[in-house]
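Shown next, in structure tokens, is the structure this report addresses.
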Amino acid sequence: MTTLTDPPRESFRLSMLIYDTRYRSLTIQVVALIGFMALAAWLVSNTANNLADLGKEPSFAFLNEPASYDINQRLIEYTSRDSHWRAAGVGLLNTLLVAVLGCITATILGVVIGVLRLSNNWLVAKIMTVYVEMFRNVPVLLWIVFTMAILIETLPAPRAFRGDNPEASMLLGDSVAITNRGVYIPEILFSRSLGNVDFFGFFNVSLDLIAIGAVLIAGILISKLITRRANVIQAATGDRPVTWYKRLGVICIPTLLVLWILGYHLGYPELKGFNFSGGTHLRNSLIALWLALSVYTAAFIAEIVRAGIMSVSKGQSEAASALGLSSRRTMNLVILPQALRVIIPPMISNYLNLTKNSSLAIAVGYMDITGTLGGITMNQTGRELESILLLMLIYLTISLSISAVMNWYNNSVKLVER
């Protein structure tokens, strides 16, 4: 009778790192990582030594020096005596403003145009096709400059609003003025303001806006709880209670009450001297950049939406029609929800492209983060390496943030499979 025993385990030898397939791939990866880190360390050391020889040791102390230049469009208080750090912050907020406005506008236009491209109306479908082919095949820089030229050359000057019989007139009850220097709209004012709060000596935020935003967010959350409760009741009884007035009330009534307590009112622009004063001034550079990026990106989004709709089986729309749903409700309730799994991933890339294309703002004089930190600040201080590194880090952070938010939304709306 014989017994079977396990063979003795082979002891580890260094040669196994190369000849044993169990360790070879790990060895190659470790060697490649060490080589990459050594190359990166050499590049950093060589750059630092060369800068030291030039008397320009790497330092970010220049950010605390006075900027000594003005910024025409800004969302927070800023003067030329402020630091380069604050100037960069103003430019960053300007970049985020264009990115947010552009993404919202491009999405709305892109969805509408993408749906209309599939219209049964031949004329409408062809017009949308011309739009898509025209805008996406011309460089976006040309559209930015072209839009700026149109705003400057075609809109009336402020002097056209002067006199008993002016050549131009203000809109919406003399509250909005559209000129070749920009658009003047009413500004939000509070007679009983709570004041401002300063964050780290950089962001000066109005407590009024914080209070309004907090009440608005709380109302939205309560509205979602009301909707969730209605869903539970519908699932249990089959009858869905009417909740629209409750949801509208918990959002609007507290917000209006806070506005009344703070003494909300509007400050209107007025023509004084050679220009308008008061109100909020939206400069042509901001409007041109916003419109050009929006219509350009909308052409790509329209094609994405069209592809997403076409990816849904035709039987879905036929089944919806058989149930008596109208074309509009079929599109909103059946087609688009299923098309989102195809639409959202490439949509992320277009949002990232729009944000990065905003760096072309300097072409029309809009001071974004590229024009401040990567432009005037870099030229004044001579700190090219530090400025470019910060600029790259900022754009990388913005891009990763957009990607993270859109991926989260994509996971929240994707179809649940068994």
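The values are calculated or read from the model by the stated rules, or taken from the named source; none is laboratory data. No experiment lies behind these values; they were computed from the predicted model shown. Here the Cβ positions follow ideal geometry from the backbone for every residue, glycine too, while neighbour counts run over all protein chains shown. The area values use the complete protein model at the heavy-atom level, side chains included, leaving out ligands, DNA and RNA. Shrake-Rupley method; radii C 1.70, N 1.55, O 1.52, S 1.80 Å.
Summary of computed values
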{"read-out": "Inter-residue pairs, beta-carbon under 7 Å, first modelled with pLDDT of 85 or more and in segment 392-418, second part of a helix (DSSP H, G or I) and among the charged types (D, E, K, R), 6+ apart", "value": "Tyr395/Lys356"}
{"read-out": "Residue list for segment 144-189, filter: open to solvent by less than 40 Å² (accessible area, probe 1.4 Å) and aromatic (Phe, Trp, Tyr)", "value": "Phe161, Tyr184"}
{"read-out": "Set Leu123, Leu118: member being outside any helix (DSSP H, G or I), on the phi < 0 side of the Ramachandran plot and over 14 Å from the mean Cα position of the chain (by Cα)", "value": "Leu118"}
{"read-out": "Filtered residues of segment 378-401 (kept if surrounded by 15 or more Cβ atoms within 10 Å (Cβ to Cβ) and of a type in the set (Ser, Thr, Tyr))", "value": "Thr381, Ser387, Tyr395, Ser399"}
{"read-out": "Tally, over segment 318-346, of residues that are touching a residue at least 24 places away in the same chain (Cβ under 8 Å), open to solvent by less than 20 Å² (accessible area, probe 1.4 Å) and either within 28 Å of Gln73 (Cβ to Cβ) or of a type in the set (S, T, N, Q) (or both)", "value": "0"}
{"read-out": "Test: residue in segment 269-287 that is free of Cβ contacts under 8 Å to residues at least 60 places away in the same chain, aromatic (Phe, Trp, Tyr) and open to solvent by 40 Å² or more (accessible area, probe 1.4 Å)", "value": "no"}
{"read-out": "Sole residue being surrounded by fewer than 13 Cβ atoms within 10 Å (Cβ to Cβ), under 30 Å from Ala298 (Cβ atoms) and free of Cβ contacts under 8 Å to residues at least 40 places away in the same chain, chosen from Ile34, Ile28, Ile104", "value": "Ile104"}
{"read-out": "Among (1) under 15 Å from the mean Cα position of the chain (by Cα); (2) of a type in the set (Gly, Ala, Ser); (3) within 28 Å of Thr147 (Cβ to Cβ), the one test that Ala404 misses", "value": "(3)"}
{"read-out": "Residues of segment 114-147 classified as small (Gly, Ala, Ser) and at pLDDT 90 or above, total", "value": "2"}
{"read-out": "Sole exception among (1) open to solvent by less than 60 Å² (accessible area, probe 1.4 Å); (2) in contact with a strand residue (DSSP E or B) (Cβ under 6 Å, 6 or more places away or on another chain) for Ile304, by number", "value": "(2)"}
{"read-out": "Residues being open to solvent by 10 Å² or more (accessible area, probe 1.4 Å), among the hydrophobic types (A, V, I, L, M, F, W, C) and under 17 Å from Tyr366 (Cα atoms) - total across segment 75-87", "value": "2"}
{"read-out": "Segment 247-299: number of residues that are among the polar types (S, T, N, Q) and more than 28 Å from the chain's Cα centre (by Cα)", "value": "2"}
{"read-out": "Subset of segment 216-249 (residues that are open to solvent by less than 40 Å² (accessible area, probe 1.4 Å) and either part of a helix (DSSP H, G or I) or out of contact with any helix residue (DSSP H, G or I) (no Cβ under 8 Å at 6 or more places or on another chain) (or both))", "value": "Gly219, Ser223, Ile226, Thr227, Ala230, Gly249"}
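Yes/no matrix, rows are residues, columns are (1) open to solvent by 40 Å² or more (accessible area, probe 1.4 Å); (2) closer than 30 Å to Gly182 by Cβ; (3) among the polar types (S, T, N, Q):
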{"residue": "Ser349", "(1), (2), (3)": "yes, no, yes"}
{"residue": "Ile376", "(1), (2), (3)": "yes, yes, no"}
{"residue": "Ser403", "(1), (2), (3)": "no, no, yes"}
{"residue": "Asn411", "(1), (2), (3)": "yes, no, yes"}
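Table: residues versus (1) over 16 Å from Val111 (Cα atoms); (2) within 21 Å of the chain's Cα centre (by Cα).
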| residue | (1), (2) |
| --- | --- |
| Gln316 | yes, no |
| Arg328 | no, no |
| Ile335 | no, no |
| Leu340 | no, yes |
| Pro345 | no, yes |
| Leu352 | yes, yes |
| Lys356 | yes, yes |
